[in-house]
1. Regarding A:LYS373, is this residue facing another protein chain (nearest Cβ under 10 Å) and in a helix (DSSP H, G or I)?
2. Check whether at least one residue in the stretch A:280-297 is away from chain B (no Cβ under 14 Å), at pLDDT below 90 and assigned to a helix (DSSP H, G or I), and report yes or no.
3. Give the residues of the stretch A:381-426 that are surrounded by fewer than 21 Cβ atoms within 10 Å (Cβ to Cβ) and outside any helix (DSSP H, G or I), sorted by residue number.
4. Just checking: which of the strands (runs of 3 or more DSSP E) contained wholly in the stretch B:4-74 hold 1 or more residues that are within 9 Å of chain A (Cβ to nearest Cβ) and either closer than 16 Å to B:VAL99 by Cα or out of contact with any helix residue (DSSP H, G or I) (no Cβ under 6 Å at 6 or more places or on another chain) (or both)?
5. Quick test of your reading of the structure: A:THR722 fulfils all but one of (1) at pLDDT below 95; (2) farther than 20 Å from A:LEU356 by Cβ; (3) under 27 Å from the mean Cα position of the chain (by Cα). Name the failing condition by number.
6. So in the stretch B:75-109, with the set limited to residues that are in contact (Cβ under 8 Å) with a residue 12 or more places away in the chain and on the phi > 0 side of the Ramachandran plot, which one is farthest from the other protein chains (Cβ to nearest Cβ)?
7. What number of residues in the stretch A:363-374 are touching a helix residue (DSSP H, G or I) at 6+ places or on another chain (Cβ under 9 Å) and surrounded by fewer than 22 Cβ atoms within 10 Å (Cβ to Cβ)?
8. Give the stretch A:177-220 a look and list any residue that's part of a helix (DSSP H, G or I), within 11 Å of chain B (Cβ to nearest Cβ) and open to solvent by 20 Å² or more (accessible area, probe 1.4 Å), or say none.
Amino acid sequence: MHSHPTAPEPVVSPPAGPVNTETATLDIEGMTCASCSNFVERALSRTPGVQRAVVNLATEKATIDFLPTQIDRAGLKAAVEQAGYGVAETAANATTAPASPLATDDELEARKAAAYAKLRRRFGVAVALAVVVMALSMVMFWPALMARINTPLLNYVQLALTLPVIFYCGREFYVSAWNGLQHRTASMDTLIAVGTGAAFLFSLVATLLPGWLTNQGIMPHVYYDTTATIIALILLGKVLEARAKQRTSAAIKALLGLQARTARVVRDGKEVAVPIEQVQFGEVVVVRPGEKVATDGVITEGQSAVDEAMLTGESLPVSKKAGDAVFGATINKTGSFRFRVTKVGADTMLAQIVKLVSEAQGSRAPIQRLADKVSAVFVPTVVLIALATFVLWFDFAPEATRLPLALVNFVAVLIIACPCALGLATPTAIMVGTGKGAEYGVLIRNAEALEKAYQVDTVLLDKTGTITKGEPAVTDVITVPGYQAGELLPLVAAVERQSEHPLAAAVVRYADAPENRSGNSTVAPLATADFRAIEGQGAAATVDGRAVLIGNQRLLREAGVTLTPVLEQAAAGLLAQAKTVLYVAMDGQPTAVLGVADTLRETSVSAIKELQRQGLEVVMMTGDNPQTAAEVAHQVGITRFFAEVLPADKAGKVQELQAEGRTVAMVGDGINDAPALARADVGLAMATGTDVAMEAAPITLMRADLNGVVTAISLSRQTMRTIKQNLFFAFIYNTLGIPIAAGLLYPFTGWTLSPMIAAGAMALSSVSVLTNSLRLRGFTPNS
Amino acid sequence: MDTSQVLVTLIGLGLMGFVGWFFFLAPHQVGAATTTTAGVQQVDIRVKGGYSPDVIEVKRGQPVQLNFYRDEESSCSEELLIPDFSIRRELPAFQTTAVEFLPQQAGRFEFTCGMHMLRGSLVVV
């Protein structure tokens, strides 16, 4: 035994110890078959310096381990070219970057369009010929005409017209059925091929050898009209199906279409328009009014209002200023700004949404399991039923008509059976449903989540950050007589502007709000002096010549300020509402108390009401004390709540509700509530701020708004309703259609089903299922 | 019952027996050869009325790349589903579509066409 001359062992074995090999990947051009790739592989392996080469025909890539001391990339390229193949030059960074889901495949699109055009052409030819064949076959209903026509000639003309229908229009069915048989699989094509094949072959015998059939006591009847019409109708079904299918996946295409093509990048102090693929991390991008934001980043200067509807479903533009995050594909409305790029390509929000939606569309819903099991045995079973139909008709029908009846019913059974309707029932609805969700800022991770959300009867809401905004805000300002809130607030805000306390920020926000500026909106911040932050108490400063104190009661007490009875009472009232109270003193005199609380999101009350209207029990959970919890629950109309729940116990509360036999949807922020979200039957993570933890829960709400919960649940209900309708229709259609086609009604009513009507029903059944799924496109959250 | 009826009945029953055996009983699985390139387990699969090979054995925890070459235009095979890995992919005719994923758990996972007619299984060990 000796080694093959074309694959020699390396003459010099690599030295022991670490060898500095490098790995390169080359895109090989011109390979068409497995022997080509073997050839390239051998050529590379033989090249000195190459330790190992693997060529993959499918990806057209060569992966080569080589010694950089002996050969370089150019040398490898030369070796491939010497072997007669090409190496595609790719940008250096393109080979290392992970494939972005945003890369649109124009070639795939073009191929699909070409396939569709071809299908339509085949359908057109089939219809034209079928109409003529049908007209010719009608002649026999006209005895006067029939007598003058040469029947064998008529049959030959019909045969000539049917041949192109079989071999051009319907070729795919026969080829596909044959391929399937080699794998012992049977599909819809098998049914069509056997059905039309049987009708055609019988007709062929009747045309070529009519005398022989007559001698056997069989009428030499032809079924060319049946054959041609079935193929035309099934192609019609395929054309409609192809059109409808394209629309089920429109959501992804729409998302992909959102991305910007170019970006105005600042390079060397100049603004240059570059293709979006060339924008690099850390660069500064300029966005003018009306332009699309190119990619994700953080605003460095300027401010504007940005329309983020395409990502979050929020219809109102969101105002943005320096330090705020902006996202690619959103549209800048009013101002100009510059932002620093923080994410490009596959890392952007848009790319993540696309990835999530396309994964959801590939997932399987548990409800589909039965349909899947049925489809797996469907076609062979139908073939068995068809054979039994043939035998029974042949054995029991009157002798004169037994063969035509057996044949016609055999064909009808094969043609009416529609496994496609079963196969399309669930996935098409899931595709439209998840796409629709994305449009409203509800990202559904998989079909199972969509199915679970429909069974939910209890919604558990985390309070802070979910029902409420999760940040304190001034809710009450109560002053002593002689002071107006309008004159007081600027002074207090001037002190608090210096402080870093979250409550101070709430006071500043409140004072700066346009409605609290008492008319003079252009007042410059007042000058402050002697600012002091007093740990655990508050702050003090001199503003406009007046000594201002703001903080808790202890601050005032230690400064020797005593509250007036009016303020005392006001403070007690605020405390009773579970609010935090800030006390204000001016020049040693008590002047005001401010109530601060975490405020409700504007939409919380109406969203909770809507959930309750839909028959869901809404339960709240919070770490706050029972008084605060009760107060918030009362405000939003929730009767059941859990207070003083430690973060670690949140999952336990979900379990507690589940133990009551409830199916629980948990709504939280995705970061602190992760265990509870995981524990719940359906977890809904609400995006807060800039970070969207899309992995945290099966459903992500892109907008911090409880209306998203309403949308998710009603979308789930409508999708599941559609799926159930589809499955019901598909099962009923087949379980009724097949026996009728087999002639079950004949003994009672004398009905049999023409195979042509069977073909029409079959073509329409899968289209009906698709159309029903597409109705989901009309979903609006408020319906 | 005349002769032709007896004949048709016998042939019919025979065919039914054959169809049942052909699709349901006969063993018809083809195993796959996996090549490993740079730590990626690769399998080339031809799609033509079915998947050949239709049983693919891969190792857990190592990325897998399945190269589906769709060698037909029949619309039955135009979509590929691997639901356990949330994959739904269109396979253009006469082209290779590479599908990549990372199997984390051992088990038997199905891959099918869009209508669930053509099937294959992925065995992760």
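The values are calculated or read from the model by the stated rules, or taken from the named source; none is laboratory data. What you see is a predicted model, and the numbers here were worked out from it, not measured in a lab. Every residue, glycine as well, gets a Cβ built from its backbone with ideal geometry; the counts of neighbours run over all protein chains shown. For the accessible areas, the whole protein counts, side chains as well, though only heavy atoms, and no ligand, DNA or RNA atoms are used. Shrake-Rupley method; radii C 1.70, N 1.55, O 1.52, S 1.80 Å.
1. Working: facing another protein chain (nearest Cβ under 10 Å): yes; in a helix (DSSP H, G or I): yes.
So A:LYS373 passes the test.
2. Taking every residue of the stretch A:280-297 in turn, none turns out to be away from chain B (no Cβ under 14 Å), at pLDDT below 90 and assigned to a helix (DSSP H, G or I).
3. Within the stretch A:381-426, A:ALA397, A:PRO398, A:GLU399, A:ALA400, A:THR401 meet the criteria.
4. B:35-37, B:40-47, B:64-70
5. Among (1) at pLDDT below 95; (2) farther than 20 Å from A:LEU356 by Cβ; (3) under 27 Å from the mean Cα position of the chain (by Cα), the lone unmet condition for A:THR722 is (1).
6. Ranking the qualifying residues of the stretch B:75-109, first place goes to B:GLY107.
7. 5
8. Those that are part of a helix (DSSP H, G or I), within 11 Å of chain B (Cβ to nearest Cβ) and open to solvent by 20 Å² or more (accessible area, probe 1.4 Å): A:TRP178, A:LEU181, A:GLN182, A:VAL194.
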